[in-house]
Structure formats: structure tokens, C-alpha cells
1. With the chain treated as a Gaussian network of Cα nodes joined by springs under 10 Å, which of 299, 174, 198 yields the largest mean-square fluctuation?
2. Exposed loop sites here are chymotrypsin sites (Phe, Trp or Tyr not before Pro) in DSSP loop states with at most 11 other C-beta atoms within 10 Å. What is the longest stretch of the chain lacking them?
3. Taking every DSSP beta bridge with both residues inside segment 15-274, roughly what % is antiparallel (nearest 5)?
4. Tell me, which longest segment in the chain has none of the GluC sites (Glu not before Pro) that fall in DSSP loops with at most 16 further Cβ atoms within 10 Å?
5. Loop-only check: which trypsin sites (Lys or Arg not before Pro) in segment 244-322 are DSSP coil with at most 14 other Cβ within 10 angstrom?
6. Of the lysine pairs in segment 15-274, how many meet both conditions: Cα atoms under 22 Å apart, and a spacing of 8 or more in sequence or different chains?
7. Please identify, among 75, 15, 239, the residue showing maximal mean-square fluctuation in a Gaussian network model of the chain using a 10 angstrom Cα cutoff.
8. Take the alpha-carbon centre of segment 242-289, take the same for segment 134-171, and report the distance between them in whole Å.
Amino acid sequence: MGVRKIPFSPPFINDDVINEVIDSLKSGWITTGPKVKALEREIKNFSNATEVLCVNSWTSGAIMILRWFGLREGDEVIIPAYTYSATALAVLHAGGTPIMVDIGDDFNISVDAIRKAISHRTKVIMPVDIAGFPCDYEQIMNLVNEPGVKGLFKATSSVQKEMGRILVLNDAAHSLGATYANGIRTGSETDVAVFSLHAVKNVTTAEGGAICLNLPEPFDNKALYTQLRQMSLNCQTKDALSKSEAGGWRYDITGFGMKINMADVNAAIGLAQMRIYPQLLKERKRVFSIYNEAFSKLHWAILPPAILKGKESSYHIYALRIRDITEEVRDKIINEISKMGVAVNVHFIPMPMLTFFKEKGFDINDFPNSYNNYKGEISLPIYPQLTDADVEYIIQSVIKAYNNVVTGIYAKEAI
Ligand SMILES: *Cc1c(COP(=O)(O)O)cnc(C)c1O
């Protein structure tokens, strides 16, 4: 087979995306305005969230929600050890303490581990829908509503008093379009969910995030949307558009905000993608299914979860795991695959293995399932632009690489 060059995750840019951006550039208004509003509407209609607010990244959106909730020093936020570091960094930026817990075979946070980690300091739980496969939200929402768990909750801000229990803020960076409990889309099943619209995600605005609000009574999600929108614009009483109008110069700063609004020129990219997102999802599923079909025949391959317990993935990452290999052998296999022109990745290096978190005292030995899922994991390219022939080439590259490396090791041992 001839060598192909297969990138890991290029953005989906067609003529409609380009024309939407040009439209924004020609309109004379490039920052937060009608395109952002239109994108919020698209994501809201698609995900069934009560309100959707777009900001400039997942990370800044999560920090803002934690700050709105009144997180302060000593407050604990339960997160999985197995995720991208932004999940923990957002907690630290907001002044809280990340409490890492282990995961299950589906890569997602273990509900039993969450239960054991809950203390009178717990303010928020942040489950992560790894690779686009949703966590067990029915169990998690039931858990935070249990009288015993509610009884432990100590409100230390006015918002926390209104809430009266732990907030469930899910890191839905990967899971736009995933479904939960037979058809309910992610973004509508927890108090707050945040999607990432970063360049490598299923839908992108180059950089961006979408905050989905579904807070229970007595919260007014519409009023909260307005409040958070202002908070994302330095808590300034007038946005750039109304200030730019003749005579509209006076404004006030009403609180300690952040400057994390999304620009229209960015929103335009995601807007054109959202309009065809059901088709894009279908294409991702096509690629995922070809992989599954091929790897299900190989005894050494563990397939990633996709359709299970009434849930369906958004097919963001194809997280292949190779059975019974060490981290070193996995790395060698990745090297071999790279030589054949295929870019792969590992999702994720558990946070306790990264310098910053090690220095904070986290130890990977406390998270055995995270390590075991990591050591044999290889993420394969998955996106709509891949042809069936590309996918076949990737599969053959992985099989060849496995045979070269693993057979090589066995041969050496036999000598
Ligand atoms: C991409 C990602 C983020 C961060 O998203 P940004 O929009 O880049 O801030 C957070 N969590 C997970 C699991 C991610 O993969």
C-alpha cells in the first residue's frame, strides 16, 4: 500500500463555512453580535438546553460558572483523574480544590468513586463525557438529590443557598450531539453543561465554548443568561454594539466580571457547521463503524463504548485500546503507525502523571483504572472528510504496527 498522509483532526471547512465568515467580515460588525446569537439559537434547538451562552473557550466558560457559584478557598470540586487538564485547571483558576477520582471501563468517572469522595466541602461535581460517550447522569443527578448528600451540603454563597445541593456541571467538551437515556441530548441533562468549540472538536469556532443552562427552580435561566452574558463582558452594563450607537457612550461596571465573549467572526464558522451537524455526525458514525467492524475481529483490540445502556456517543474520539500491553509497547506501536503517515494521539495522559499535578501531590498509583485505560490507548483519526479507503488504510497501518512491534517482542523473547 502506498503511503498516505492522514492528519489527526482537521477542522471541517467547506464553502458554506467560508461564506458565513465572509458575510461577517463584510457586515461591518465582527465581534459579539448577530452571528453569536444565531449560533446560540442553533445549539439550543439542537441540544434542547433551556438557555445557551457562547464564550471564547470551554475553559473560560467553566471558570465563569464556578465563580458565579461562589466557589472559594477550600471548596471541593470532584473531577475524574482521566481527562484533559483544563477540567482541573478551571477549578484551580476559580479558587477551588480539585478532588480527582478514578474511572470505569468506559473511560468515564465512576459514580461509586464520586460517592466516596463527597464531603461537607463538596460544592460541584464535574463529570467528563470522554470521547463523546455520556456519563451516568441519571445516577449522578439522583446522588446529589439524596437527602443524606443534600444534608452534607454547606452553602457559603447566596447562589449556593438557592441551589441547596451540589451543582452538577458537566464537561461536555466532547459530547455535542451525544444522546442520553434514549434520545435526550447532552446539554440538557445536568444543571450546567459546557461544550468546547475548539479547533479539534466536532463543531468549532476556532476557539470557543457553549454554556448550557438548565438550573432547577427557583432559578430563572433566562435571567441568568442575561446576567452571565454581562459577566462575560466585564460586567459592563452596555455591550459594544449599543455603546457604538450615537449617544450611547455612558456605561457602568456592576461587578467583577471576565472578558470572555465570543466574536461574530468566530461564531460564523460554527454556525455553518451546526446547520449540517446531523449529517456530520452521521459521517463520524460511519468511520467509527468501519473501525468497529475491523477491530472486533482482532483478539487484541478492545472497542470503545458507543451505544450502551440507552446512551449513544457523539463519535468525537475513536479510543482504541490494545489488550495486555505496557505503556512502552503502546508508544512503539504509535511510532510505527506514524511512520506510515497516520497521525494518532492518546486521550488522555491521566493528570496525576503530569508534572504540575505530581507537584501538587497527586499520584497515579491512586488511580489504577485510569492508568490501565491509558497504557493501551491509541486514538485514531475520526472525522467526516475521511473516505472509506482512508479508514481502511488506517486500520491496515494499526494492524501492521501491532504485528511489527508485538511479534518482534515475542520473537526476541523466544531466542
Ligand atoms: C478540549 C477540552 C477542554 C478545553 O476546551 P477549550 O475550549 O480548549 O478550553 C476541556 N475538557 C476536555 C475534556 C477537552 O477535551
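1. Result: 299 has the largest fluctuation of those listed.
2. Formally, the longest exposed-site-free interval is 1-248.
3. DSSP beta bridges in segment 15-274 are roughly 55 percent antiparallel.
4. 74-244
5. Here the trypsin sites (Lys or Arg not before Pro) that fit, given the DSSP loop and packing criteria, are 250, 297, 309.
6. Lysine pairs meeting both conditions in segment 15-274 amount to 27.
7. In this elastic network of the chain, the residue with the biggest mean-square fluctuation among 75, 15, 239 is 15.
8. With segment 242-289 and segment 134-171 each reduced to a Cα centre, they are spaced 29 Å.
All of the numbers you see were taken from the coordinates with simple rules; none came from a lab. Remember, predicted model here, so these are calculated numbers, not experimental data. Neighbour counts run over all protein chains shown; Cβ positions are idealised from the backbone, glycine included.
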